[in-house]
Amino acid sequence: MAESSAFLVKAPFNDSSTGDCILQTPDGTQFIVHRVVLSLASPIWNDMFSIPQASEGSSGPRPVIPVEEDPETMQALLTMVYPLPPPQISSYDLATRLVQACDKYFIDISRLDTILYKVLRTTAALEADPLGVYALAWRLGMNDEAKVASRSNQTSYEDREVSTHSWLSGTYDFDAKPPWMN
């Protein structure tokens, strides 16, 4: 199988996989996965696989299922739900995308605290989005990280002018959907 993206899919999701279906990201990256593992991890995938597929067998030996996540997020998500060592999350951006993917597929996020511990404590994450780090840490029940982010948030916003905040200056669109709902 030829992949059309430059992303390197790691085992056990690459061409050597014995999986029975393919998850394909928008850039054409394909992850060969086992339906049973996905069904156990997510009620969304479980329901999807329980519905008879009229086109099964017409797209080759493995049905191709398009997903909206980027390859990096999908690989981290799959690594998290398979019985593998936890994924290495190197950026706050990937951490937020992983949480959004867990929300989308109704995957229990209780395991994320150990996976995201290091990235939520990084200076880069705290400087980039202290309020976002606080919200994410609070949501995951990571009280110590939430406190650190809260202090960073206070320091961060004390140094800025109030007019730079769109939600205070009247330019924030409160009716707009969050990015993950578009």
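Which residues, taken from the stretch 92-124, are aliphatic (A, V, I, L, M) and more than 16 Å from the chain's Cα centre (by Cα)? Give the steps one after another, and end with the answer.
First pass over the stretch 92-124, keeping only residues aliphatic (A, V, I, L, M): 94-95, 98-99, 101, 107, 109, 112, 115-116, 119-120, 124.
Correct list: ALA124 only.
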| When residues of the stretch 84-121 are limited to those that are open to solvent by 50 Å² or more (accessible area, probe 1.4 Å) and in a loop (DSSP other than H, G, I, E, B), the one farthest from ASN46 (Cα to Cα) | ARG121
| request: Tell me which of these GLU72 doesn't satisfy, since it passes every other one: (1) buried (at least 19 other Cβ atoms within 10 Å of the Cβ); (2) closer than 18 Å to ASP15 by Cα; (3) modelled with pLDDT under 95. | output: (3)
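The values are calculated or read from the model by the stated rules, or taken from the named source; none is laboratory data. Keep in mind it's a predicted model, so treat the numbers as computed, not measured. Note: ideal-geometry Cβ built from the backbone for every residue, glycine included; neighbour counts use all protein chains shown. In case anyone asks, the SASA skips ligands and DNA or RNA and just uses the protein heavy atoms, side chains included. Shrake-Rupley method; radii C 1.70, N 1.55, O 1.52, S 1.80 Å.
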